[in-house]
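Colleague: Dumping the structure here so I can ask a few things about it.
The values are calculated or read from the model by the stated rules, or taken from the named source; none is laboratory data. Keep in mind that this is a model prediction, so the values were computed, not measured. Using ideal geometry, Cβ is built from the backbone for each residue, glycine included, and neighbour counts are taken over all protein chains shown. Accessible surface areas use protein heavy atoms only, side chains included; no ligands, DNA or RNA. Shrake-Rupley method; radii C 1.70, N 1.55, O 1.52, S 1.80 Å.
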6 protein chains.
Amino acid sequence: VHLVVINPNTTASMTALIGKSARAVAAAGTTVTAVTPQMGPASIESHYDEALSVPGLLAEIARAQAADPPADGFVVACFGDPGLDAARELADGPVVGIAEAAMHAASFLGRGFTVVTTLARTAGRAWDLAERYGMTRFCRAVRACEIPVLALEDPGSDAFAAIVAESRAAVADDGAEAIVLGCAGMADLAARMTAAVGVPVIDGVAAATKIVEGLVAMGLRKSGHGEFAAPLPKPYTGLLSEFEIGKPDIC
Amino acid sequence: VHLVVINPNTTASMTALIGKSARAVAAAGTTVTAVTPQMGPASIESHYDEALSVPGLLAEIARAQAADPPADGFVVACFGDPGLDAARELADGPVVGIAEAAMHAASFLGRGFTVVTTLARTAGRAWDLAERYGMTRFCRAVRACEIPVLALEDPGSDAFAAIVAESRAAVADDGAEAIVLGCAGMADLAARMTAAVGVPVIDGVAAATKIVEGLVAMGLRKSGHGEFAAPLPKPYTGLLSEFEIGKPDIC
Amino acid sequence: VHLVVINPNTTASMTALIGKSARAVAAAGTTVTAVTPQMGPASIESHYDEALSVPGLLAEIARAQAADPPADGFVVACFGDPGLDAARELADGPVVGIAEAAMHAASFLGRGFTVVTTLARTAGRAWDLAERYGMTRFCRAVRACEIPVLALEDPGSDAFAAIVAESRAAVADDGAEAIVLGCAGMADLAARMTAAVGVPVIDGVAAATKIVEGLVAMGLRKSGHGEFAAPLPKPYTGLLSEFEIGKPDIC
Amino acid sequence: VHLVVINPNTTASMTALIGKSARAVAAAGTTVTAVTPQMGPASIESHYDEALSVPGLLAEIARAQAADPPADGFVVACFGDPGLDAARELADGPVVGIAEAAMHAASFLGRGFTVVTTLARTAGRAWDLAERYGMTRFCRAVRACEIPVLALEDPGSDAFAAIVAESRAAVADDGAEAIVLGCAGMADLAARMTAAVGVPVIDGVAAATKIVEGLVAMGLRKSGHGEFAAPLPKPYTGLLSEFEIGKPDIC
Amino acid sequence: VHLVVINPNTTASMTALIGKSARAVAAAGTTVTAVTPQMGPASIESHYDEALSVPGLLAEIARAQAADPPADGFVVACFGDPGLDAARELADGPVVGIAEAAMHAASFLGRGFTVVTTLARTAGRAWDLAERYGMTRFCRAVRACEIPVLALEDPGSDAFAAIVAESRAAVADDGAEAIVLGCAGMADLAARMTAAVGVPVIDGVAAATKIVEGLVAMGLRKSGHGEFAAPLPKPYTGLLSEFEIGKPDIC
Amino acid sequence: VHLVVINPNTTASMTALIGKSARAVAAAGTTVTAVTPQMGPASIESHYDEALSVPGLLAEIARAQAADPPADGFVVACFGDPGLDAARELADGPVVGIAEAAMHAASFLGRGFTVVTTLARTAGRAWDLAERYGMTRFCRAVRACEIPVLALEDPGSDAFAAIVAESRAAVADDGAEAIVLGCAGMADLAARMTAAVGVPVIDGVAAATKIVEGLVAMGLRKSGHGEFAAPLPKPYTGLLSEFEIGKPDIC
């Protein structure tokens, strides 16, 4: 089983962290390739960043889909789950986002969860995704630490303490029975946080890796009937002309 | 990893089918024990049957939880997901129902699914579960074949043809982009049906097995804080006195 | 008119309280029989307790249904409304739960209500029932006094004061315009509490008694078409073999 | 117990039918007064009619509220439940509408109901009320017979046959397990229809009468705290000046 | 383009304010007539007031509709949007309420809004309208200043300061990104408040005026098919007999 | 007032049609500039196309925002409303999508509408937008003509007849009281279709133009507080490096 885990931002150190987190839970026999797009923003902290992360993400999906053999499944490793529907159109195997995976996983473990994320301005996106996935009824709150994404990598920051503090408040005040980590950059914190907070703390990178691996083990691929059928070919122009379906770089 | 898959009805041949389906997708290193309760109905086709399947199911959870070492996780292998909340109170590891698992898995693969089940009178329960899990927005319809549960085992029946016919109608008329099999007794049909229907067909036994296995791999257990904390001990009387928490047979 | 009011737990003193509350509001010409199951938990404070209260409850429904003449209607007198759907399958007359009745009654009197209940861990069940009955839009909050069910009977406890305090907070902070008592063991407090809190305080035992009595007066029985049709007969084994449909003790 | 049942339209023969239906189910000891407003439309078949039925309805509430002793409770006997919130502000006792009562009663008897009403243009109002009362989840459909309200009184019409035909279609095609009669003018049909259709058929006049009677028996009045507090006095001018709070005709 | 803006209460000074606010935003070529009903309450602060404002409002709609040429469109200028559905039945052109217009406009500018209104007892009505218009998901809260409607006109009152204070609290505590003014009597405050609060503050009178003007510019009228078709004629009696469709004063 | 109407696809003839439709309804004093992006797909018929239309759209927003004076408001003229949230972050004035505008406008005119669109595979997107805008309760159905977007421009096609046929079916079978045209390429059909179908038919280009013009007339801009605040600057690399905030081409 070959899984491709795509970090939609262009910060390679975060890709390394994501790859490590995915491999830590993958079964024997599963190969994980973590990739960084060749274009786009260094971090994703707005709708603008997110929209502009999608072309680079789709190029990586297309590349892995065009390989021989193609990848068996894909993880979109940013908590905004950018480009998920478009990625499903391009891919044949399952594609799962880390917000999607983490929220679903949390719903199996407790009655409600709180998302602990980076910047408050991204809370709206988290709520939109919760609705899209049917998880509104489980999502107690979205709490922000107001720590920029790339500051999570700074060992001198007090990010861990801040995330633990918000998580404890979620348990005490929101009625949260589980915590969902709201950024791929927090992927390495889940185990330490579960110990510190006393309820399950879910990292979406690990969760999505296991879900895609499981779907592949069941022999399931994305549905090719209806909304996620392959995109129709047509002219693409300008800076994005290489994205035309059928061009060498796009399968 | 040791998973216990419980068939809540008392028909051992169905337990064998369920165990086989779970093992077919389990990773190397995962042991699956399929068990049949020692009390209750031979099949579950009404709220009455479902309610009376729960004591036997809970006894099996308690037994596996009391073993040394305890089971790592549990699958409740009846599409009504009987006793799921109570099972979560008793268990330390994750507990997932097959309706829950199948609906979530389908939501990763297409925009909407139809459940194809046995008797129309159980459709209400399927809708209740879809709501409980946040899957109403994905559930296009619940279709019944009007085949009793135990008739699924009869090789001379036309069950397969009937289920395929309903599934094709779901794709054509409901806008279903995936099919969820609505009975554990259909667990061996998924691959053949995917080929016959042309969209992903999901068996909940396999799906739940992979989800529980994945949660265990991530080091996650059910939340012990709040709704799923262990039940409080108290006197139990009459026929059910053995279910008193602390009694030898109940951990 | 003969109504059977079933206390799903096995504490006879609570059955006596429930019977008294039902009779206090019954019309002239209505006979109320309050019964205690012969098996199960002494109180219901978890999903586990609730699941294990259902067999004893169903046995009482079956007994009263098999009497000559059968009971005209039934009240399930525990705020978790255990086994309500299964009871409706067994009975011919109307069956109403006390949470169901109290929430509906409150919706006729004010724009929103708060449920004041015993233990916080049961709040999830109250919310599930509110959703099941369409009452989510009226339910402002579920507040717990953290008083165990059986402690309500202790005259030396400060249960009344605690329940009044939570109710007043509900009016002040939740926007509640009515209070729903969240435990059958509070049935005798409604009138005193209405006086103390200044908004309508609803006891579900009384509410359910009047609703069932009203449905019987209108000549209405549970619908036998569809979900609540009588359960199909089939083998039952082990400890629960006496629950097989057709066995002497089950109609 | 003294209940006032108000027919919001000005057709006295319909008031007589409504009074008879209410008395047929009232308990011994309950007095029912059925009243016709002194102003407004002869039937209610549009939002315009409904809006203009409300002043006459409120005048009757005020009159009965100002009597000595005041009425104990009120039924608003038109399926659009006109003026219900305003009536609750004026009254001290409970006020229940017949759509409200019928929908709630149906929800106790089967999983879903269909409303069978007069003109299709009123279906939107029925859906609005279902939402207002939390009954959307139970309401399978609203079916119209296209029979004007006053034609229901014509013994030569084929109204009964038409209503039965729509009701049978509801059971067969909508999955309805109960039928709600969508007009007060159908109040005398419920028993015959239950026999003809084979599922419970609910008349809102009877249902509302029993619910109000039950609330009064429990000692409950409308909540005076918040939304349904008595209206504030202020100048009223023109044709409606008599509606000023404090004027002789308005308590 | 000729728009008629109706103040449903009978306070002429408020009509003047409303007319001025509408004209301030109207395009060149748009004529605005602001009218006061000839009957009804001096202010609208309860369901009772609102119900009794509707006949006077409908008479004004009918009058403007019967003029030659008829008005092109209508604004209902009270935040409870009284009689909106009935008005749509009478009118041929578009009819828009100010709560409706303000909520929709706010939804174009920020993710969520808070309504700042006069009396807390009207909050329920604001929530009902938000639901009716699909705006529940945008409505963060309804906050009351507890200032009576007519006190808004008193230059010596501290109404402006109180409304600003609630609006700032909405931004800080509710997550509001826009403010909706909850009373037509606040129509002249929007610009000053936008400056004071720092987020868009929307006056419904202006918003409704622009929406109706826009619909007329697009050549659109209310749909005459279905729910908003013209009311059926029938006898009207008593004080309201002049409202009979076809009478001289009603088109 | 200067409005910029952006056609997110790169087909200039469609931009011309869109510009004409916007100008046809704009008030005297409003200038409309219709623009075509310099990169991206020739038509938008999948999630893939939509995602890849967003960079070109954002570049046009940025350009018009950087002009002196900046544009007063923006219309996103593709029925998928691509990049709407990101565009709101970049712009200071209001930004409205044509699906958003058309659905809101329809909700003012009738109880429910049907969207008539091009390809069935885009129906899911229309439903997602209806949910996002609170319009699910008004959206009766999404019907597809299976006409590709660019075929709408072919005068020899039978597109008009097909769209009328679906619209008439919507009125007859869906209960639609208005029709929303589901593609910017249908903008010139609204008036002819209103005549042919007999209910209001709404073109989103016109509707969005009037809504943005109205918001500007009211002095309102997008909320800069919270979700739609300007994006944070950060490095952008590769093909998309010109999108870095602060680069010459991006304000």
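Colleague: May I ask you to rank C:Lys210, F:Lys247 by accessible area, largest first, using a 1.4 Å probe over the protein chains only?
Modeller: F:Lys247, C:Lys210
Colleague: With unit charges on the beta carbons (Lys and Arg positive, Asp and Glu negative) and the dipole taken about the Cα centre of chain F, which residue among F:Gly185, F:Val212, F:Val142 sits farthest to the positive side?
Modeller: Farthest towards the positive pole: F:Val212.
Colleague: Find how many whole Å separate the alpha carbon centroid of the range A:192-215 from the alpha carbon centroid of the range A:122-179.
Modeller: 14 Å
Colleague: At 1.4 Å probe size, with no ligands or nucleic acids counted, give the accessible surface of A:Ser241 in Å², nearest ten.
Modeller: Result for A:Ser241: roughly 40 Å² accessible.
Colleague: Which whole-number value in Å² is the accessible area per residue of the protein assembly as shown, probe 1.4 Å?
Modeller: Averaged over the residues of the protein assembly as shown, the accessible area is 30 Å².
Colleague: Going out from 0 in 5 Å bins, what whole percent of all Cα-Cα distances in the range E:82-146 drops into each bin?
Modeller: All Cα pairs, binned at 5 Å, distribute as 4, 16, 26, 23, 16, 10, 5, 0 percent.
Colleague: Taking a point 7 Å out from Cα toward Cβ as the label site, list the nm distances between B:Asp173 and the same residue in every other copy, smallest first.
Modeller: Shortest to longest, the spacings are 1.3, 1.3, 5.2, 5.3, 5.4 nm.
Colleague: Per q in 0.18, 0.20 1/Å, what log10 I(q)/I(0) does a Debye calculation on the alpha-carbon atoms of the range B:1-128 return?
Modeller: -1.00, -1.21
Colleague: Determine one quarter of the surface area of the Cα convex hull of the range E:79-119, which equals its mean projected area, and express it in nm² to one decimal. List each step's numbers first, then the result.
Modeller: Numbers: hull surface 14.5 nm².
Mean projected area for the range E:79-119: 3.6 nm², to one decimal.
Colleague: If you don't mind, another one. Using the C-alpha gyration tensor of the range C:133-188, what are the square roots of 5 times its eigenvalues, in whole angstrom, with the largest one first?
Modeller: Semi-axes from the Cα gyration tensor: 22, 13, 8 Å.
Colleague: What are the lysines whose alpha-carbon lies under 29 Å from the alpha-carbon of F:Lys234, with same-chain residues fewer than 8 places away excluded?
Modeller: Qualifying lysines at Cα under 29 Å: A:Lys20, F:Lys222, F:Lys247.
Colleague: Considering chain B as a Gaussian network with a 10 Å cut-off on Cα pairs, which listed residue, B:Thr237, B:Thr31, B:Thr209, attains the greatest mean-square fluctuation?
Modeller: Comparing B:Thr237, B:Thr31, B:Thr209 in the GNM, the peak value goes to B:Thr237.
Colleague: Of all the residues in chain E, which one has the C-beta that comes nearest the axis relating E to A, and what is the distance in Å?
Modeller: E:Thr136, 7
Colleague: OK, next. How big, on average over all directions, is the shadow cast by the Cα convex hull of the range B:184-251, in nm²? Show your work: numbers first, answer last.
Modeller: Numbers: hull surface 32.4 nm².
Seen from a random direction, the Cα hull of the range B:184-251 projects 8.1 nm² on average.
Colleague: May I pose another question? Treating only the Cβ of Lys, Arg, Asp and Glu as charged (+1, +1, -1, -1), what charge dipole size does chain E show about its Cα centre? Round to the nearest 20 debye.
Modeller: Rounded to the nearest 20 debye, it is 460 debye.
Colleague: Can you give the helix-only mean residue ellipticity at 222 nm for chain E, where every DSSP H stretch with n ≥ 4 adds -39500 (n - 2.57) and the sum goes over all residues, rounded to the nearest 500 deg cm²/dmol?
Modeller: Result for chain E: -11500 deg cm²/dmol, rounded to the nearest 500.
Colleague: Would you mind working out the magnitude of the charge dipole of the range C:175-250 relative to its Cα centre, with +1 at each Lys and Arg C-beta and -1 at each Asp and Glu C-beta, to the nearest 20 Debye?
Modeller: Here the range C:175-250 has a charge dipole of around 140 debye.
Colleague: In sequence order, what are the phi-derived ³J(HN,Hα) couplings for the range A:142-150 according to the Karplus relation 6.51 cos²θ - 1.76 cosθ + 1.60 with θ = phi - 60°, rounded to whole Hz, with x for glycine and proline?
Modeller: Here the 3J(HN,Hα) series is 10, 10, 10, 8, 6, 10, x, 3, 6 Hz.
Colleague: Follow-up question, since we're still on this one. Anything losing 40 Å² or more of accessible area from the isolated chain to the full protein assembly: pick those residues out of the range C:169-197, probe 1.4 Å, ligands and DNA/RNA ignored.
Modeller: Listed in order, they are C:Glu177.
Colleague: Can you pull out the buried accessible area for chains F and E, both sides counted, probe 1.4 Å, rounded to the nearest 100 Å²?
Modeller: Approximately 3500 Å² gets buried when F meets E.
Colleague: Now for a different question. To the nearest 10 square angstrom, what accessible area does F:Glu131 show with a 1.4 Å probe?
Modeller: Result for F:Glu131: roughly 40 Å² accessible.
Colleague: Another question, if that's okay. If you roll a 1.4 Å probe over the range A:89-142 with all protein chains in place, what percent of the accessible area is carbon or sulfur?
Modeller: Answer for the range A:89-142: carbon and sulfur cover 49 percent of the accessible area.
Colleague: Quick one: with all protein chains in place, what share of the accessible area of the range E:188-251 is carbon or sulfur, to the nearest percent (1.4 Å probe)?
Modeller: Heavy-atom surface of the range E:188-251 belonging to carbon and sulfur, 1.4 Å probe: 59 percent.
Colleague: What is the diffusion coefficient of chain D in µm²/s, taking the Kirkwood radius over Cα pairs and the Stokes-Einstein relation at 20 °C with a viscosity of 1.002 mPa s?
Modeller: Working: Rh = 18.2 Å.
Rounded to a whole number, D works out at 118 µm²/s.
Colleague: What size of dipole, in debye to the nearest 20, comes out for the protein assembly as shown about its Cα centre when the only charges are +1 on Lys and Arg C-beta atoms and -1 on Asp and Glu C-beta atoms? Walk me through the numbers before you get to the answer.
Modeller: On the way: 108 positive and 168 negative charges, 1 e Å.
That gives the protein assembly as shown a dipole magnitude of about 0 debye.
Colleague: Let me ask something additional. Only helices at least 20 Å long along their own axis, judged from Cα atoms, and with Kyte-Doolittle mean hydropathy of 0.0 or greater: name those in chain D from DSSP H.
Modeller: Once both thresholds are applied, what remains is D:12-25, D:47-66.
Colleague: Hey, for D:Asp154 with labels 7 Å out along Cα-Cβ, what do the inter-copy distances come to in nm, ordered shortest first?
Modeller: Those separations, rounded to one decimal, come out as 5.4, 5.4, 5.9, 7.2, 8.3 nm.
Colleague: I would also like to ask the following. Apply the Debye scattering formula to the range E:91-210, with a single equal point scatterer on each alpha-carbon and no solvent, then give log10 I(q)/I(0) at q = 0.12 Å⁻¹.
Modeller: -0.37
Colleague: Dimensions of the range C:14-63 along principal axes (Cα, Å, largest first)?
Modeller: Reported extents, whole Å, longest axis first: 38, 23, 14.
Colleague: Looking at the range E:90-120, which residues lose a minimum of 30 Å² of accessible area between their chain alone and all protein chains in place, measuring with a 1.4 Å probe and not counting ligands or nucleic acids?
Modeller: Those residues are E:His104, E:Phe108, E:Leu109, E:Arg111.
Colleague: Just the number, please: Stokes-Einstein D of the protein assembly as shown in µm²/s, Kirkwood Rh from C-alpha pairs, 20 °C, 1.002 mPa s.
Modeller: Using the Kirkwood radius from Cα pairs, D works out to 64 µm²/s.
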